[in-house]
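What follows is a short report on a single structure.
Every number in this text was worked out from the coordinates using simple rules, so none of it is lab data. These numbers were taken from a predicted model, which means no experiment stands behind them. As a convention, Cβ positions derive from the backbone with ideal geometry for all residues, glycine included, and neighbour counts pool all protein chains shown.
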């Protein structure tokens, strides 16, 4: 993960090495040579994805001139660095703190997430509201694909009700806990303190943040939304729809994989998608 970028670009190599210093361990060793299990460690996964996305964006140089940016969950931090609202160093520190805070929150109460396919968003929301215990809509990925999150028993009960309501699938995800739900409140409080102490600048282009799903250009508003994000749903469907309404015609995914391109196409099949550097 990121090895070819490291070996082929001097700027990328410098940034990866700087990341090793900031984190206090050689994350590059795990990214380039480590096992899949090692890469899944909480302290590694989120910084690794962040680094791959941000360093790729920086190596694009003058060819990287977005009219607007957005990121899905963790990706919002990458988007903020790419848009100049956060420095590379501060972004990496916050992502590392976020990962560790989320891990601690996951250990407090048994919790999980599940993907629900083939139901309208309002049906999923209504089912969650009827279940005993904590279970909420967490990721609005695309029409017909919504991830729910909460206490394990409540999520399991919701899945059964979703299937009875006509869901094509309602399956538990292999995650460490209930991200983007009230179960992340301890992590939100911990991350809020770190975000408040970090300097944010107004971005060079609008950032469509997960919480409001609309264009944000004010640094203070960006901070407030970023603090809320851990316990609020990721409104990806709504963000992409609003970006298209505001003139977006080409979505370029910057980072590992092409998952977001697939979601964008499902939200609006008329849009064009691409991978950065391709």
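Size descriptors for the chain, from the alpha-carbon set: Rg then Dmax equal 18.4, 55 Å. Listed peptides 155-163, 73-81 appear in the order 73-81, 155-163 once ranked by packing, highest mean of other Cβ atoms within 10 Å at the front. Can you give me the angle between helix 121-130 and the longest principal axis of the chain, using Cα atoms only, in degrees from 0 to 90, rounded to the nearest 10? Between the helix axis and the principal axis of the chain, the angle is about 60 degrees. If you fit an axis through the alpha-carbon atoms of helix 185-196 and take the longest principal axis of the Cα set of the chain, what angle between them do you get, 0 to 90°, nearest 10? Orientation of helix 185-196: about 30 degrees from the principal axis. The angle separating the long axis of helix 88-106 from the principal Cα axis of greatest extent in the chain is about 30 degrees.
Let me know the Kirkwood hydrodynamic radius for the stretch 111-172, please, with Cα pairs as the basis and the value in Å to one decimal. Can you show the working numbers first?
On the way: mean 1/r = 0.0932 Å⁻¹.
Kirkwood radius, the stretch 111-172: 10.7 Å.
Computing FRET efficiency as 1/(1 + (r/R0)^6) for residue 270 and residue 125, where r is the C-beta to C-beta distance and R0 is 25 Å, gives about 0.40. Shape analysis of the stretch 127-277 yields a ratio of the Cα radius of gyration to the Kirkwood radius, Rg/Rh, of 0.99. The label-point distance for residue 109 and residue 35, in a model that sets each label 7 Å from Cα toward Cβ, rounds to 3.3 nm.
When all alpha-carbon pairs of the stretch 33-186 are counted, what percent fall beyond 22 Å?
On the way: 5843 of 11781 pairs.
Tail of the P(r) past 22 Å holds 50 percent of the pairs.
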